[in-house]
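Before any comments, here is the structure.
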Amino acid sequence: MSSLEALIAEKAIRNCIIRYGLAADQGDVATANACHVPDATYIVRNPDAGRSGRDGEDLILEGRDTIADMLKSERHQS
């Protein structure tokens, strides 16, 4: 891969990360979910940390449908 190709790839990855974050924050599940490959694995590190003194395990989501469900959830939207 040439230096130019590497820079183009890096820019595409950065744009995807930014697009995901903005879409997820705005509740645009379709756009956020399009940033994942169909068989993506999404790991939320200890989602209960800092919530009412609870501590929990990592939440592991497999596939776009499961990720979309998480993005639509009341907990995420709050």
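The values are calculated or read from the model by the stated rules, or taken from the named source; none is laboratory data. Keep in mind that what you see is a predicted model, and the values were worked out from it rather than measured. Ideal geometry is used to build each Cβ from the backbone, glycine not excepted, and the neighbour counts take in all protein chains shown. All accessible areas refer to the heavy atoms of the entire protein, side chains included, with ligands and DNA or RNA removed. Shrake-Rupley method; radii C 1.70, N 1.55, O 1.52, S 1.80 Å.
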Revision key, fill the gap. If we keep only residues of segment 54-78 that are in contact with an Asp or Glu (Cβ under 8 Å, 6 or more places away or on another chain) and modelled with pLDDT under 90, then the residue least open to solvent (accessible area, probe 1.4 Å) is G56
Review point. Based on what the data block shows, is T41 in contact (Cβ under 8 Å) with a residue 12 or more places away in the chain, surrounded by 11 or more Cβ atoms within 10 Å (Cβ to Cβ), among the polar types (S, T, N, Q) and over 17 Å from I60 (Cα atoms)?
Key: no
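Matching residues to (1) surrounded by 10 or more Cβ atoms within 10 Å (Cβ to Cβ); (2) at pLDDT 95 or above; (3) of a type outside the set (S, T, Y):
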{"position": "E10", "(1), (2), (3)": "yes, yes, yes"}
{"position": "A24", "(1), (2), (3)": "yes, no, yes"}
{"position": "G27", "(1), (2), (3)": "yes, no, yes"}
{"position": "T31", "(1), (2), (3)": "yes, yes, no"}
{"position": "S52", "(1), (2), (3)": "no, no, no"}
